[in-house]
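Here's the structure, in structure tokens; my notes come after.
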Amino acid sequence: MNIMKNTPSLFGGHPELVKSVHRRSFLKWAGGTAAVTTLVLTGCKEDETTPVVGEVNLGTGDFAVLNYAYALEQLEAAFYTRVIESQFSGITADEIALLTDIRDHEVAHREFFKAALGSNAIGGLDVDFSSINFGSRESVLNTAKTFEDLGVAAYNGAGRFITSPDYLTLAGKIVSVEARHAAYIRDLLSNGTFADNTVVDSNGLEMSKDPAAVLQAAAPFIKNTINASALA
């Protein structure tokens, strides 16, 4: 199957996105195989994006939504990379394996958005993990829970701003993975809490958050000010 020939359909009426994704050959990574993860990690363990100083403007239209997602994926990828590099005391082999899988997913998500956005991508965020004790299982997993729950709520809350059906499909695929992460992390902390009433309402619906609420919650971990005025 020639995945790349599907690119124009995937990115709709945005030829600049098509060019960017062709250049990075990124859609061949979209299958989610182990080989894909290896490719991502070989060249992308660290985000090579030039760091941004000060305010970050997400832009407008669908680019604003993609940059919003890209910002959150940068944060998660940086966090899980650090988790695996500085493993907490008492970590088990199963936890290492599964947290490594999550890291690989987040790095792949980050690089996907970076490639798709091309020259419209924001720069690298200046993250701040000073409040996290990476040697403590409780500190790491509670932070992971915050990030994963926030990621699911963010994607669902931003869906209404997406105008391209193709982008909405992609967001749906990624948020499904984020929800799997959230369920795993929650059960590591307290078995059976994967879908409790702090994230699922009485109608069985996930509690989404708008971009302003998400960025406020993420702010302690990001030194930059993020301008998401187009998503208000």
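The values are calculated or read from the model by the stated rules, or taken from the named source; none is laboratory data. Keep in mind it's a predicted model, so treat the numbers as computed, not measured. Note: ideal-geometry Cβ built from the backbone for every residue, glycine included; neighbour counts use all protein chains shown. Areas reflect the complete protein model, heavy atoms only, side chains present, ligands, DNA and RNA absent. Shrake-Rupley method; radii C 1.70, N 1.55, O 1.52, S 1.80 Å.
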When only residues in the range 215-232 that are surrounded by 14 or more Cβ atoms within 10 Å (Cβ to Cβ) and among the polar types (S, T, N, Q) count, which is farthest from Gly59 (Cα to Cα)?
Asn224
Does the range 142-149 contain at least one residue that is under 18 Å from Tyr80 (Cβ atoms), open to solvent by less than 30 Å² (accessible area, probe 1.4 Å) and hydroxyl-bearing (Ser, Thr, Tyr)?
yes
Do we have Asn156 as touching a strand residue (DSSP E or B) at 6+ places or on another chain (Cβ under 9 Å), open to solvent by 60 Å² or more (accessible area, probe 1.4 Å) and not acidic (Asp, Glu) here?
yes
Scanning the range 88-132 for residues that are among the polar types (S, T, N, Q) and touching a residue at least 12 places away in the same chain (Cβ under 8 Å), the one farthest from Arg186 (Cα to Cα) turns out to be Ser119
Taking first residues from the range 61-79 that are more than 14 Å from Asn227 (Cβ to Cβ) and second residues anywhere that are of a type in the set (S, T, N, Q) and surrounded by fewer than 24 Cβ atoms within 10 Å (Cβ to Cβ), the pairs with Cβ under 6 Å that are 6 or more apart or on different chains are Asp62/Thr163; Asp62/Ser164
Picking from Glu138, Glu178, the residue that is in a helix (DSSP H, G or I), closer than 20 Å to Arg82 by Cα, among the acidic types (Asp, Glu) and open to solvent by less than 30 Å² (accessible area, probe 1.4 Å) would be Glu178
The range 198-214, residues that are under 16 Å from Val65 (Cβ atoms) and open to solvent by less than 80 Å² (accessible area, probe 1.4 Å)
Ser208, Asp210, Pro211, Ala212, Ala213, Val214
